[in-house]
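Each remark here refers to the structure printed beneath this line.
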């Protein structure tokens, strides 16, 4: 039987009577590379947290590889936004990366030698192994983002959720990151959430737009309907100098 | 200092201070990195309601304080579990409610009236052998829980959302942490007073955070600072014949205010 990497059925969610998401349906195939786009406050990060099982839906359900999210934590990699981290927290780069192994580790046990080896490999992949002993609060935003990516990779995930992964990294690493993700995508399903259309690159295979409701497009382009729905001011966004292949004439639909 | 220790009550006071330091260093570190000092203050002060309950109903004070502060801790955990930063009003209300309940129950208890001050600042010079034994047991319980679940407490303290996504039971651990704060309060409220509880939970950990590379080293450094404050405070209290609990707090506060100067010196060296 075919299982979807992500399956969302009639999902509704509200915060204190404020409807954030309604009637969301989405099926994502394994090895997809999906961008979830939407303006600030559109509910895209909320949708991500619902997929991760951090939030519980009011109605409807989410399945990851056919199961509830909390049953497949060892298959999930997560790169959260770099916004609400406590910079004075006493922790080294290596110890923070080890947390990526939590989905595999048993409760009330220490991390194993294998956990440490996986964390080392992940830090080497993002080029942060030399910085492993540094205090996480003393890193630059871009370096910290690399560490968070390493933390997600340390869990050897089958699906990777990334929230604004390129928000604080420099151009160079951004290109490097997408090149790396393209290779990773040969075996791993990847979901990238962003408010910024520039994440749309040639690597992304499909796009969904969120603004309370979700519109899905199984190709790396946005239809004008999706834009109109998700953003109230499409002209301004198009004016940001995007590669024009992103937009398709609405006559084509 | 040595001749002071020929008195048994001084020895017991020192042991009590050191045992309290172990629990306060460990739990205080978790309190400070999770930024729940206000919640801890609320539990510690509301525990006074437990004193009132114990005297009114004729229970052992420890049963009253323990039971009531665990109930208050559970309510606070339930209130704060989903919105840690927007529940300060509820915490403030529970804080005041507990203290008022304690005062009123003691008012209407016939006969002998307990001294509020001895619960606020403790009476470390009257610690008994059985108090010390209880403190040792609770130290071991807290130590075992934190060592066993160290990586899980570290994960929820550093990045709770990520930890939850990785299957760490963050809500259960939040309840457990607040319950342990309640245990610390029970263990030392009669000995050093609930104002000293909150001072020893927050000040050593706050100073240690600046000099620590990991949460583990922050815990150890906090215990050391706390022991230092207790020893200096007891010695000064004995030398000048002043209240010991308040003196210990004064020493801790003095370090709190002057430590930024040392931190600046340490930074210059680097």
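When you scan segment B:103-118, do you find a residue that is touching a residue at least 60 places away in the same chain (Cβ under 8 Å), more than 17 Å from the chain's Cα centre (by Cα) and not in a helix (DSSP H, G or I), even just one? Among the residues of segment B:103-118, at least one is touching a residue at least 60 places away in the same chain (Cβ under 8 Å), more than 17 Å from the chain's Cα centre (by Cα) and not in a helix (DSSP H, G or I), which makes the answer yes. With the structure loaded, tell me whether residue B:228 is in contact with a helix residue (DSSP H, G or I) (Cβ under 9 Å, 6 or more places away or on another chain) and at pLDDT below 95 or whether it fails that test. The answer is no for residue B:228. Residue B:130: surrounded by fewer than 20 Cβ atoms within 10 Å (Cβ to Cβ), more than 7 Å from chain A (Cβ to nearest Cβ) and either free of Cβ contacts under 8 Å to residues at least 12 places away in the same chain or part of a helix (DSSP H, G or I) (or both), yes or no? Yes; evaluated as a whole, the condition is true for this residue.
Scanning segment B:237-261 for residues that are surrounded by fewer than 15 Cβ atoms within 10 Å (Cβ to Cβ), at pLDDT 90 or above and in a helix (DSSP H, G or I) gives B:239, B:240, B:253, B:254, B:257, B:258. Scanning segment A:70-88 for residues that are within 26 Å of residue B:31 (Cβ to Cβ), surrounded by fewer than 22 Cβ atoms within 10 Å (Cβ to Cβ) and facing chain B (nearest Cβ under 8 Å) yields A:85, A:86, A:88. Out of everything in segment A:155-192 that is out of contact with any helix residue (DSSP H, G or I) (no Cβ under 8 Å at 6 or more places or on another chain) and either within 14 Å of another protein chain (Cβ to nearest Cβ) or not in a helix (DSSP H, G or I) (or both), what residue ends up being farthest from residue A:53 (Cα to Cα)? In this case the residue turns out to be A:186. All of B:234, B:221 fail the test of being within 14 Å of chain A (Cβ to nearest Cβ), under 22 Å from residue B:15 (Cβ atoms), touching a residue at least 12 places away in the same chain (Cβ under 8 Å) and assigned to a helix (DSSP H, G or I), apart from B:221.
The residues of segment B:36-90 that are modelled with pLDDT under 90 and in a loop (DSSP other than H, G, I, E, B), listed by number, are B:58, B:59, B:60, B:81, B:82, B:83, B:84, B:85, B:86, B:87.
In summary, residue A:123 fulfils each of the numbered conditions (1) within 11 Å of chain B (Cβ to nearest Cβ); (2) over 19 Å from residue B:173 (Cα atoms); (3) in a helix (DSSP H, G or I) with the single exception of condition (1). Among the conditions (1) within 14 Å of chain A (Cβ to nearest Cβ); (2) in a helix (DSSP H, G or I), the only one that residue B:211 does not satisfy is (2).
Can you tell me which residue in segment A:56-69 is nearest to the other protein chains (Cβ to nearest Cβ), limited to those that are touching a strand residue (DSSP E or B) at 6+ places or on another chain (Cβ under 7 Å) and within 17 Å of residue B:161 (Cα to Cα)?
First, the residues of segment A:56-69 that are touching a strand residue (DSSP E or B) at 6+ places or on another chain (Cβ under 7 Å): A:57-64, A:69.
Still in the running and within 17 Å of residue B:161 (Cα to Cα): A:57, A:69.
Numbers: A:57: 15, A:69: 8 Å.
That would be A:69.
Tell me, which residue of segment A:91-105 that is assigned to a loop (DSSP other than H, G, I, E, B) and out of contact with any strand residue (DSSP E or B) (no Cβ under 7 Å at 6 or more places or on another chain) is nearest to the other protein chains (Cβ to nearest Cβ)? Among those that are assigned to a loop (DSSP other than H, G, I, E, B) and out of contact with any strand residue (DSSP E or B) (no Cβ under 7 Å at 6 or more places or on another chain), it is A:102. Only one entry in B:55, B:97, B:9, B:68 is surrounded by fewer than 16 Cβ atoms within 10 Å (Cβ to Cβ) and within 24 Å of residue B:132 (Cβ to Cβ), namely B:9.
Residue B:257 falls short on exactly one of the conditions (1) without any contact (Cβ under 8 Å) to a residue 12 or more places away in the chain; (2) closer than 13 Å to residue B:25 by Cα, and that condition is (2). When segment B:150-179 is filtered for residues that are facing chain A (nearest Cβ under 7 Å) and in a helix (DSSP H, G or I), the ones remaining, listed by number, are B:151, B:152, B:155, B:158, B:161, B:162, B:163, B:164, B:165. Residues that are crowded, with 22+ Cβ neighbours inside 10 Å, in a loop (DSSP other than H, G, I, E, B), facing another protein chain (nearest Cβ under 10 Å) and over 17 Å from the mean Cα position of the chain (by Cα) are absent from segment A:108-120. For segment A:132-151, the candidate set comprises residues that are at the interface with another protein chain (Cβ under 9 Å from one of its Cβ atoms) and crowded, with 20+ Cβ neighbours inside 10 Å; within that set, the residue that is nearest to the chain's Cα centre (by Cα) is A:148.
The values are calculated or read from the model by the stated rules, or taken from the named source; none is laboratory data. Everything numeric here is computed off the predicted structure, so don't read it as measured data. Backbone-built Cβ (ideal geometry, glycine too); neighbour counts: all protein chains shown.
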